[in-house]
Structures are given as C-alpha cells and as structure tokens.
Amino acid sequence: MPCMLVSMEVLIKEDKENVFLNRRELKLEVKHEKSATPSNQELTKALASMFNVQEQQVLIDYILTKKGCSISLVKAKILKELKEVKSETQTSKSV
C-alpha cells in the first residue's frame, strides 16, 4: 500500500508480526524524488502518522540508499506498547 508523505512515497515490502517481542517488523521502500535521503526523524514521523502510533513506538534500524538513486530501503520496527525505561543505579557495598 503506497503512502505519499512530504515528497516521499512509502511502499511496504514486508510486514511481519513478532508476537514474542510484541512488535511489528517492516521492510520498506521509500521513493524520495528530487530530495535527499530522508533522515531517521523524518521517517519516524512519517511512519508514526502512517500507522497511527506515537513517535516513540517507531524504531528505525537502517536506511540504505545507493548513490545516485532516489529510492531507499528501510528496516523499521513498530512497538505495540511503550515500556517505561527503568534507570537503576548501582550502590557499592562497603566491606
């Protein structure tokens, strides 16, 4: 299903549901004629609006563009839910 987003067209090449890791794994083809390769931030915003999720739920693994081409291959993940990041501080024990 092609989707036009700010001078780029996103085509889904592969869409896998990973139930064990609670996420969706995507391989995409992004056509960006007459513009530079889209940044991670631009793609994150585009995919978040395309899949109706928060930007924090979208993870871009890589963006590959061949020199002189206006087509990029993208691997991304859409997390089903946001998990709170736990920051733990280590305490040293005195002996």
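Rule-based calculations on the coordinates, nothing more; no lab input. Keep in mind it's a predicted model, so treat the numbers as computed, not measured. With ideal geometry, Cβ positions are generated from the backbone for all residues, glycine too; neighbour counts draw on all protein chains shown.
Within the stretch 67-76, does at least one residue satisfy the condition of being hydroxyl-bearing (Ser, Thr, Tyr) and in a loop (DSSP other than H, G, I, E, B)? Yes, there is a match, as at least one residue in the stretch 67-76 is hydroxyl-bearing (Ser, Thr, Tyr) and in a loop (DSSP other than H, G, I, E, B).
For the stretch 31-57, filtering for residues that are within 15 Å of ILE12 (Cα to Cα) and under 12 Å from the mean Cα position of the chain (by Cα) leaves 8. Checking THR37 against (1) closer than 13 Å to LYS80 by Cα; (2) among the β-branched types (Val, Ile, Thr); (3) touching a Ser or Thr at 6+ places or on another chain (Cβ under 9 Å), which test does it fail? Unmet for THR37, out of (1) closer than 13 Å to LYS80 by Cα; (2) among the β-branched types (Val, Ile, Thr); (3) touching a Ser or Thr at 6+ places or on another chain (Cβ under 9 Å): (1).
When LEU59 is tested against (1) surrounded by 16 or more Cβ atoms within 10 Å (Cβ to Cβ); (2) hydrophobic (A, V, I, L, M, F, W, C); (3) within 23 Å of LEU82 (Cα to Cα), just one condition goes unmet, and that condition is (1).
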